[in-house]
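Taking it in order: structure first as C-alpha coordinates, then the write-up.
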Amino acid sequence: MSHLYLIAQIAGRAVAIDSEQVESVVDIGEVTAVPCASTHVRGLAALRSRVVTVVDTQSALGMEGGSAARRAVITHVEGHHYAMLVDALDDVAPFELLPLASGVALDPAWREAGRGIVERDGEPILAIDLASLVPGTAMAN
(Lines give C-alpha, C1' and ligand atoms only; values in the text may rest on other atoms or scores of the structure.)
Protein backbone atom coordinates (compact mmCIF):
# COMPACT_ATOMS: atom_id res chain seq x y z
CA MET A 1 0.00 0.00 0.00
CA SER A 2 1.42 3.38 -0.95
CA HIS A 3 1.69 6.38 1.35
CA LEU A 4 2.71 10.01 0.76
CA TYR A 5 6.37 10.88 1.36
CA LEU A 6 8.27 14.15 1.19
CA ILE A 7 11.56 13.69 -0.66
CA ALA A 8 14.27 15.97 0.75
CA GLN A 9 18.04 16.27 0.62
CA ILE A 10 20.25 15.97 3.71
CA ALA A 11 24.01 16.21 3.16
CA GLY A 12 23.51 15.65 -0.56
CA ARG A 13 21.57 12.45 0.02
CA ALA A 14 17.92 11.99 -0.91
CA VAL A 15 15.70 10.90 1.98
CA ALA A 16 11.98 10.13 2.20
CA ILE A 17 9.98 11.53 5.12
CA ASP A 18 6.53 10.13 5.89
CA SER A 19 4.00 12.93 5.30
CA GLU A 20 2.43 12.16 8.69
CA GLN A 21 5.63 13.51 10.30
CA VAL A 22 5.49 16.76 8.31
CA GLU A 23 3.50 19.62 9.77
CA SER A 24 4.89 22.20 7.35
CA VAL A 25 7.98 23.28 5.43
CA VAL A 26 9.50 26.69 6.16
CA ASP A 27 12.53 28.87 5.67
CA ILE A 28 14.14 29.52 9.05
CA GLY A 29 15.10 33.07 9.98
CA GLU A 30 17.31 34.05 12.87
CA VAL A 31 18.35 31.20 15.17
CA THR A 32 19.29 31.95 18.77
CA ALA A 33 21.91 29.62 20.24
CA VAL A 34 21.05 27.73 23.43
CA PRO A 35 23.89 27.33 25.97
CA CYS A 36 24.65 23.73 27.00
CA ALA A 37 22.31 22.28 24.37
CA SER A 38 23.12 19.09 22.48
CA THR A 39 25.46 19.55 19.53
CA HIS A 40 22.53 18.55 17.30
CA VAL A 41 20.55 21.61 18.42
CA ARG A 42 21.36 24.68 16.35
CA GLY A 43 19.18 26.82 18.65
CA LEU A 44 15.69 28.30 18.87
CA ALA A 45 13.74 30.18 16.21
CA ALA A 46 10.44 32.07 16.17
CA LEU A 47 7.91 30.57 13.81
CA ARG A 48 4.38 31.91 13.47
CA SER A 49 4.23 33.21 17.06
CA ARG A 50 5.75 30.09 18.62
CA VAL A 51 9.26 28.97 19.37
CA VAL A 52 10.70 25.87 17.71
CA THR A 53 13.90 23.97 18.41
CA VAL A 54 16.11 23.93 15.31
CA VAL A 55 17.85 20.57 14.80
CA ASP A 56 20.90 20.26 12.56
CA THR A 57 20.09 16.96 10.84
CA GLN A 58 23.61 16.56 9.47
CA SER A 59 25.06 16.77 12.98
CA ALA A 60 22.36 14.40 14.27
CA LEU A 61 23.45 11.92 11.59
CA GLY A 62 27.06 12.09 12.79
CA MET A 63 28.50 14.31 10.05
CA GLU A 64 31.20 16.85 10.76
CA GLY A 65 30.71 20.54 10.14
CA GLY A 66 26.96 20.75 10.34
CA SER A 67 24.51 22.18 7.86
CA ALA A 68 24.26 25.69 6.44
CA ALA A 69 20.64 24.95 5.44
CA ARG A 70 17.90 27.51 6.10
CA ARG A 71 14.99 25.35 4.94
CA ALA A 72 13.32 23.11 7.52
CA VAL A 73 10.66 20.48 7.90
CA ILE A 74 8.51 21.22 10.95
CA THR A 75 7.59 18.12 12.92
CA HIS A 76 5.89 17.47 16.24
CA VAL A 77 7.57 15.03 18.65
CA GLU A 78 6.43 14.28 22.19
CA GLY A 79 4.47 17.54 22.49
CA HIS A 80 7.18 19.82 21.06
CA HIS A 81 7.76 21.36 17.64
CA TYR A 82 11.10 20.92 15.90
CA ALA A 83 12.52 22.50 12.77
CA MET A 84 14.58 19.78 11.07
CA LEU A 85 17.08 21.40 8.69
CA VAL A 86 17.23 20.04 5.13
CA ASP A 87 19.35 21.15 2.18
CA ALA A 88 16.52 21.03 -0.35
CA LEU A 89 13.05 19.67 -1.05
CA ASP A 90 12.42 17.64 -4.17
CA ASP A 91 8.92 16.20 -4.31
CA VAL A 92 5.85 14.87 -2.53
CA ALA A 93 4.59 11.61 -3.96
CA PRO A 94 3.05 8.28 -2.99
CA PHE A 95 5.48 5.41 -2.48
CA GLU A 96 5.36 1.94 -1.03
CA LEU A 97 7.67 1.49 1.96
CA LEU A 98 9.93 -1.51 1.47
CA PRO A 99 11.92 -3.15 4.28
CA LEU A 100 15.51 -2.10 4.86
CA ALA A 101 17.57 -5.09 3.73
CA SER A 102 20.01 -6.43 6.30
CA GLY A 103 22.86 -6.31 3.77
CA VAL A 104 22.55 -2.55 3.19
CA ALA A 105 25.69 -0.78 4.47
CA LEU A 106 24.76 2.38 6.38
CA ASP A 107 26.58 4.43 9.00
CA PRO A 108 25.13 3.75 12.48
CA ALA A 109 23.23 7.06 12.71
CA TRP A 110 21.66 6.57 9.25
CA ARG A 111 20.70 2.99 10.20
CA GLU A 112 19.10 4.26 13.45
CA ALA A 113 17.07 6.84 11.50
CA GLY A 114 16.20 4.48 8.64
CA ARG A 115 12.72 2.96 8.52
CA GLY A 116 12.86 1.38 5.09
CA ILE A 117 13.35 2.15 1.43
CA VAL A 118 11.14 3.77 -1.19
CA GLU A 119 11.95 3.51 -4.88
CA ARG A 120 11.71 6.55 -7.15
CA ASP A 121 12.35 5.86 -10.83
CA GLY A 122 14.16 2.64 -9.88
CA GLU A 123 16.47 4.42 -7.41
CA PRO A 124 16.29 3.44 -3.72
CA ILE A 125 15.77 6.28 -1.24
CA LEU A 126 16.16 5.81 2.50
CA ALA A 127 12.95 6.56 4.42
CA ILE A 128 13.86 8.19 7.75
CA ASP A 129 12.07 8.82 11.03
CA LEU A 130 12.52 12.49 12.02
CA ALA A 131 11.87 11.69 15.70
CA SER A 132 15.03 9.60 15.79
CA LEU A 133 17.06 12.75 15.01
CA VAL A 134 15.64 14.74 17.94
CA PRO A 135 18.16 14.75 20.82
CA GLY A 136 17.04 12.52 23.67
CA THR A 137 14.35 10.61 21.79
CA ALA A 138 16.50 8.05 19.95
CA MET A 139 17.62 6.56 23.27
CA ALA A 140 14.07 6.46 24.58
CA ASN A 141 12.84 4.32 21.64
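The values are calculated or read from the model by the stated rules, or taken from the named source; none is laboratory data. Note that this is a predicted model, so its numbers are computed, not measured. A quick note on method: Cβ atoms are made from the backbone with ideal geometry, for glycine too, and the neighbour counts reach across all protein chains shown. The accessibility values were calculated without ligands, DNA or RNA, using every heavy atom of the protein model including side chains. Shrake-Rupley method; radii C 1.70, N 1.55, O 1.52, S 1.80 Å.
Which condition number in (1) touching a residue at least 24 places away in the same chain (Cβ under 8 Å); (2) over 24 Å from residue 33 (Cα atoms); (3) open to solvent by less than 30 Å² (accessible area, probe 1.4 Å) is the one that residue 55 fails?
(2)
Counting only residues that are touching a strand residue (DSSP E or B) at 6+ places or on another chain (Cβ under 8 Å) and assigned to a helix (DSSP H, G or I), which one in segment 88-122 is nearest to residue 133 (Cα to Cα)?
In this case the residue turns out to be 113.
Give just the number: which of (1) in a loop (DSSP other than H, G, I, E, B); (2) of a type outside the set (Gly, Ala, Ser); (3) without any contact (Cβ under 8 Å) to a residue 40 or more places away in the chain; (4) within 22 Å of residue 126 (Cβ to Cβ) does residue 34 not satisfy?
(4)
Out of segment 63-87, which residues are assigned to a loop (DSSP other than H, G, I, E, B) and either under 13 Å from the mean Cα position of the chain (by Cα) or crowded, with 23+ Cβ neighbours inside 10 Å (or both)?
67, 69, 87
On the given criteria, is residue 43 of a type in the set (Gly, Ala, Ser), touching a Ser or Thr at 6+ places or on another chain (Cβ under 7 Å) and on the phi > 0 side of the Ramachandran plot?
Here the answer is yes, as residue 43 does meet what is asked.
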